[in-house]
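Report on the structure given below.
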Amino acid sequence: MNINTLAQENIEYKSYKLPVRLYPTNMRKTEDGKVTYHAKTMFRNRLSMEDIANDLIATGVISNENTVGIVTLWNKLNAAMIDRILNGAVVDFGIGVLYAKLLGSFESSQSVFDPLKHFIDIGFRTNKETKELASTVRPVIGQGNTHMPELIEVLDIESGKDGVFTPGGQLVIKGKNLFITGTNEDVGLYFVNRDTKEEVCIKNDKMAKNGTAEIICSVPASLASGTYSLMIKTQKSKQNPSKETVCEVFDKTFIVE
C-alpha cells in the first residue's frame, strides 16, 4: 500500500514496517570523543505499478478490476501528466507535486538553450498532507553494518581471563572489522596505559593472526602494572586502504598486575 492510498482510504499506517539503520557519520570521533550517526532507510525492494495494483486488489481497496486494467489506466494518467508538466504545468497527484525545471549554467541573460550544457528534469515536492502522515511514523531503528572496529571479547591465554593482560603471554582478540592494514608508520595495535598515557605498539607483521573477526598476538613484555585500553590504528575504510590513519580506542579496560 502506498501512502496516498492509505491516506485516502483512512487505513492506519503500520509504522513498524519502516526499517532504518544508524551509521557513524565519520570514522573519526569528534574532539569530545563522541561519534555522530546518520540514518539510512533499508529499502526492502523496488516495486512497479503492477505490484501496487496487486496490492490494491489483494486488500480489496479496488474491486472488480484486474492488474492489467489498473496498470493501463495508470500509464495513460502518466502520459497525460507528463504532457502537462512539460508544457509548464505543476501537477498535484496526491502524494506531492511534479514540475519541470531547467538545469545548467547560462553565461548571460541572452544565452540560448544548449543541449550539451543544459537539460530539463522533473522535480518533486511532497505536499502537506503526505508530510503530516509521514510525521506520525515511528520507524524501527537498528544499528547498521559499519567499517569501524568493534571489540567483542579479549582472552588472555595465560590467565584464561577476559580483562587481564599477562606480559609476554598470548592474547586472542575477537570482534568485527579488526583487520589492521596500511603502510603509515602509526598503523598497529596499541596497549595504552590509562594513567601514564604511555603507548606500546605491535605492528601487524608481528601478529600471529590479523583478521577482521580475530587478532592473535603476544602481550608486550614491557607492560608495567596498571590499567590499559586497546587502540587500533588502521588505514582500512570504505576506500581500502584510505590515505589517512583511522584511530579507534575501545572503552573496555584491562589490568596488568
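Things to note:
- Complete set of residues in region 198-212 that are under 13 Å from VAL187 (Cβ atoms) and buried (at least 16 other Cβ atoms within 10 Å of the Cβ): CYS201, ILE202, ASN204, MET207, ASN210
- For region 185-195, the criterion of being among the β-branched types (Val, Ile, Thr), within 21 Å of LYS34 (Cα to Cα), at pLDDT 90 or above and crowded, with 16+ Cβ neighbours inside 10 Å is met by at least one residue.
- Within region 132-150, considering residues that are out of contact with any strand residue (DSSP E or B) (no Cβ under 9 Å at 6 or more places or on another chain) and exposed (fewer than 13 other Cβ atoms within 10 Å of the Cβ), the one modelled with the lowest pLDDT: ARG138
- Top-ranked residue in region 151-169 [being in a loop (DSSP other than H, G, I, E, B) and either under 14 Å from SER225 (Cα atoms) or of a type in the set (Asp, Glu) (or both); ranked as most open to solvent (accessible area, probe 1.4 Å)]: GLU158
- Residue match in region 213-234 (condition: under 24 Å from LYS34 (Cβ atoms), out of contact with any strand residue (DSSP E or B) (no Cβ under 6 Å at 6 or more places or on another chain) and surrounded by fewer than 18 Cβ atoms within 10 Å (Cβ to Cβ)): no
- Some residue of region 235-242 being buried (at least 19 other Cβ atoms within 10 Å of the Cβ) and either under 24 Å from VAL35 (Cβ atoms) or at pLDDT 85 or above (or both): yes
- Of all residues in region 66-112, those satisfying the criterion of being in a loop (DSSP other than H, G, I, E, B), more than 35 Å from the chain's Cα centre (by Cα) and touching a residue at least 12 places away in the same chain (Cβ under 8 Å) are LEU86, GLY88, PHE106.
The values are calculated or read from the model by the stated rules, or taken from the named source; none is laboratory data. For clarity, every value in this text was computed on a predicted model and none was experimentally measured. Here Cβ is always computed from backbone atoms with ideal geometry, including for glycine, and neighbour counts include all displayed protein chains. For accessibility, only protein heavy atoms count, side chains too; no ligands or nucleic acids. Shrake-Rupley method; radii C 1.70, N 1.55, O 1.52, S 1.80 Å.
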